[in-house]
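*Asks:* Supplied in structure tokens, the structure appears directly below.
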Amino acid sequence: MTVDTQELLDRIQPAQGGREIFDPATGELVGRAPEATAEELEDAVARAKAAQPGWAARSDQDRSKALHAAADAIETNAEQLAHLLSREQGKPLNGPNARFEVGACVSWLRATAEFSLEPETLVDDDSGKAVLHWRPLGVVGAIGPWNWPMMISIWQIAPSLRQGNTVVIKPSGYTPLSVLALVDVLNSALPADVLIAVPGRGDLGEKLTKHSDIAKIMFTGSTATGKHIIKNAADTVKRMTMELGGNDAGIVLDDADPKALAEDLFWGAFINTGQTCAALKRLYVPESLYEEVCESLVEVAKNMPMGVGLEEQNVLGPLQNKSQWEIVDRLVKAAKDSGARVLIGGDPEEGATGYFYPTTLVADIDPENPLVVEEQFGPALPIVKYTDLEQAIEWSNTLNVGLGSSVWSSNPERAEEVASRLVAGSTWINKHGAIDPRVPFGGARESGFGVEFGTHGLKEVSQPHVISR
Ligand code: NAD
């Protein structure tokens, strides 16, 4: 079925001009993105600031209802949003991709609408009474990446609004249309100026992070940009949630059943064609199971169709942009040059249309090869052999990042024991990247600080205020 996204685009495109955005699968024009000027950013922050006290003064129940109404609006427009997302980001409609992402926007809004952060009585005795309240911070500046542009925007918007803040959001320059369309749909259900999008690139993001009327930055993106933002936000002592890069390890234990785990291992690594921060990026497998794990993964990989996102049969798509394609290609070449064994893929078609990179599994690779130790945002998985579990744990913990990790085993207690020794914000057992709106998610080390989701996430967009008597 063809779904017309023109009506959505007409509402967000400038009357004339704008930056042309092309489909990474076909090279066809998707639409034209407006670019906000510095004056428009000033105006947006001023409007969000003016709207904030009124929004905060509403009852908690009112704000919860508004989030549910926003979720209803997404549901009404779900197919158009998924089609636009697929064309701009490249991800297929099916599999854990565009429709899944739009569905996640709805579930995160609804879950966040149901959490509540009650005042906490800390002391109540003869010495006196102290109660901790969670106040709004003011205007939250949200800056996001291009890999899950809609879902990550919701992760920033939903808790901020729930707690009585207003939001100015700057989407990635690669995927502005998806976020502008999402914000347009959300705003059909929200009061004026509580949520404003300012499309632009890094220079506009930089202005947002330095703005004295922005109380908090919620940033999801690379560690390099995150470090820059931390410095820029210092002068105004902004609160920050930093969701940065990762390079997630997975350890298969010698009691695992390779065939039973193969499909979950595959999707742990290849969700969104590998363009996922908390995806499995390096897999450590014991020698005793090594060939069986490799063969099982190849069997799954062979049967996962890759192609243009709007074609319903596909579950893997192109890389979103050329520079990301080049990083993946460089790292896979480095692995091949080192003598590693390519089990499948690794040989992109010369001169093909679209930024497609074949699903690639690389075995017999050195644990220090660049494909293993550098963050690679594409459909390639290095499989490293180990003979000593202690060594695999050490390799897993050796990098300066620690977003997610996973342990794969038939023995949950043993897996939990190994999990407890991994340095990461989340460690999953027999799954990878399985996020849940009730469960806090965030990074260790240079993968960032602060958490999103659940009541812990609400605290991050609130000012703790103690009243004592
Ligand atoms: P990026 O850092 O290049 O860009 C992210 C955003 O920052 C964009 O909107 C960009 O315009 C903006 N930006 C760039 N320079 C800026 C500056 N000086 N000041 C303010 N804003 C600026 O990241 P990307 O390539 O879009 O995203 C991929 C990265 O994001 C990967 O490293 C990935 O691991 C990470 N990521 C992390 C999470 C997480 O939850 N930890 C989730 C998704 C992606």
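The values are calculated or read from the model by the stated rules, or taken from the named source; none is laboratory data. This one's a predicted model, so the numbers in the text were calculated from it and none came from an experiment. Cβ sites come from the backbone with ideal geometry, for glycine too, and all protein chains shown count toward neighbours. Ligands, DNA and RNA are stripped out before the accessible areas are found, and what is left, the full protein with its side chains, is counted by its heavy atoms. Shrake-Rupley method; radii C 1.70, N 1.55, O 1.52, S 1.80 Å.
*Asks:* Mind computing the radius of gyration and Dmax over the alpha-carbon atoms of segment 252-358? Å is fine for both.
*Replies:* 14.6, 44
*Asks:* Just give me a number: lysine pairs in segment 248-429, eight or more positions apart or cross-chain, with C-alpha atoms less than 23 Å apart.
*Replies:* 15
*Asks:* Local charge sum around Phe449 (other residues, Cβ-Cβ under 14 Å, Lys/Arg +1, Asp/Glu -1)?
*Replies:* Overall, the nearby charge balance is +2.
*Asks:* What percent does the relative contact order of segment 248-429 come to when contacts are Cα pairs within less than 8 Å and at least six residues apart?
*Replies:* Contact order relative to length: 29 percent.
*Asks:* Charges only on Cβ, +1 for Lys and Arg, -1 for Asp and Glu: so what's the dipole of segment 3-111 about the Cα centre, in debye to the nearest 20?
*Replies:* 420
*Asks:* Also: Compare Asp4, Asp62 by solvent-accessible area with a 1.4 Å probe and give them largest first, with all protein chains kept in place.
*Replies:* Solvent-accessible surface, decreasing: Asp4, Asp62.
*Asks:* Would you work out which of Gly317, Gln275, Asn232 lies farthest towards the positive end of the dipole of segment 222-347? Charges go on Cβ: Lys and Arg +1, Asp and Glu -1.
*Replies:* Farthest towards the positive end: Asn232.
*Asks:* Report, to two decimal places, the Cα Rg of segment 1-96 normalised by 2.2 N^0.38 Å (N = number of residues).
*Replies:* 1.39
*Asks:* Could I ask something else about it? Taking only Cα atoms, what is the 0 to 90° angle, nearest 10, from helix 60-76's long axis to the longest principal axis of the chain?
*Replies:* Approximately 50 degrees, to the nearest 10.
*Asks:* Tell me the label-point distance for the pair Thr353, Asp235, using the 7 Å Cα-to-Cβ offset, in nm and rounded to one decimal.
*Replies:* 4.8
*Asks:* Also, quick follow-up: Report the antiparallel proportion of the DSSP beta bridges in the chain as a percent, rounded to a multiple of 5.
*Replies:* The answer is about 40 percent antiparallel.
*Asks:* Please list, ordered by chain and number, the residues whose modelled amide H lies under 5 Å from the amide H of Tyr386; skip anything fewer than 5 residues away on the same chain.
*Replies:* For Tyr386, the qualifying residues are Val285, Glu287.
*Asks:* How much of the accessible area of the chain, probe 1.4 Å, is carbon plus sulfur, in whole percent?
*Replies:* Within the chain, the accessible surface is 49 percent carbon and sulfur.
*Asks:* Tell me the accessible surface of Thr26 in square angstrom (1.4 angstrom probe, heavy atoms of protein chains only), to the nearest ten.
*Replies:* 40
*Asks:* Placing unit charges on C-beta atoms (Lys and Arg positive, Asp and Glu negative, everything else neutral), compute the dipole magnitude of the chain about its Cα centre in debye, rounded to 20.
*Replies:* It works out to roughly 1500 debye.
*Asks:* For segment 317-469, what is the convex hull volume of the alpha-carbon atoms per residue, in Å³?
*Replies:* In segment 317-469, the Cα convex hull volume per residue is 168 Å³.
*Asks:* For Lys238, which lysines qualify as cross-link partners when the Cα separation must be under 21 Å and same-chain residues fewer than eight apart are set aside?
*Replies:* Lys49, Lys170, Lys207, Lys210, Lys216, Lys227, Lys459
*Asks:* Next question, about the same structure. Any idea what the relative contact order of the chain is, in percent, if you count C-alpha pairs under 8 Å spaced at least 6 apart?
*Replies:* Relative contact order comes out at 18 percent.
*Asks:* If the chain were replaced by its equivalent ellipsoid, with semi-axes equal to the square roots of 5 times the Cα gyration tensor eigenvalues, what would those be, largest first, whole Å?
*Replies:* 37, 29, 19
*Asks:* For n ≥ 4 DSSP H runs only, could you compute -39500 (n - 2.57) per run for the chain, divide by its residues and tell me the 222 nm figure to the nearest 500?
*Replies:* Rounded to the nearest 500, it is -12500 deg cm²/dmol.
*Asks:* I've got another one for you. In segment 278-351, which GluC sites (Glu not before Pro) fall in coil by DSSP and have 14 or fewer other Cβ atoms within 10 Å?
*Replies:* Here the GluC sites (Glu not before Pro) that fit, given the DSSP loop and packing criteria, are Glu311, Glu312, Glu349, Glu350.
*Asks:* Farthest toward the dipole's positive end in segment 90-244, which of Leu161, Ala192, Leu177, given Cβ charges of +1 (Lys, Arg) and -1 (Asp, Glu) about the Cα centre?
*Replies:* Among Leu161, Ala192, Leu177, the one farthest towards the positive end of the dipole of segment 90-244 is Leu177.
*Asks:* Could you please state, rounded to a whole Å, how far the C-alpha centre of segment 395-453 is from the C-alpha centre of segment 85-130?
*Replies:* 19
*Asks:* Quick check for me: using +1 on Lys/Arg Cβ and -1 on Asp/Glu Cβ, what's the dipole size of segment 248-429 about its Cα centre, in debye to the nearest 20?
*Replies:* 480
*Asks:* Right, something else. Taking the Cα centroid of segment 276-301 and of segment 138-173, what is the distance between the two, rounded to the nearest whole Å?
*Replies:* 34
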